[in-house]
Amino acid sequence: MQEPECVMSEIADLMALQHIARSGDTEDTSLWRCRAACSNRDPNMWHPQIGEAAVEHAAKEVCHGCDVKQPCLRYALEHHEEHGVWGEMNQTERKRLAQAQRRSN
Ligand code: SF4
């Protein structure tokens, strides 16, 4: 059940969390995504184009202060998200983290 402060309008939820929806995943992420610091931001920030380092940096700054950075990153790792910034990491950084985790197991 969602926490009261997590209640968002359906339209705002759908629009603001497009970067999560883009994954095509149907898993219920409402336990943490309603507290996402990116929920009222332009979702394109989390999907910068090649060469848009400043955009990626701005997205990561938002992620840095996000209360749900850990579940967000875990979600991206578990679902092998290949694109975008999740949990303050871009795809290359997530790939390196996943490799390091595999080596340590
Ligand atoms: S860590 Fe970043 S991408 Fe993940 S929910 Fe928070 S602000 Fe959004």
Quickly work out the LEU97-to-ASN40 label distance, labels modelled 7 Å from Cα along the C-beta direction, and quote it in nm with one decimal.
2.6 nm
A chain fully extended from LEU31 to GLU52 at 0.36 nm per residue, minus the present Cα-Cα distance, gains in nm 4.5 nm
Using a basic spin-label model with each label point 7 Å from the Cα along Cα→Cβ, how many nm lie between GLU61 and HIS79?
2.7 nm
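Every read-out reported here was derived from the displayed coordinates using simple, explicitly stated rules and does not represent laboratory data. Remember, predicted model here, so these are calculated numbers, not experimental data. Every residue, glycine as well, gets a Cβ built from its backbone with ideal geometry; the counts of neighbours run over all protein chains shown.
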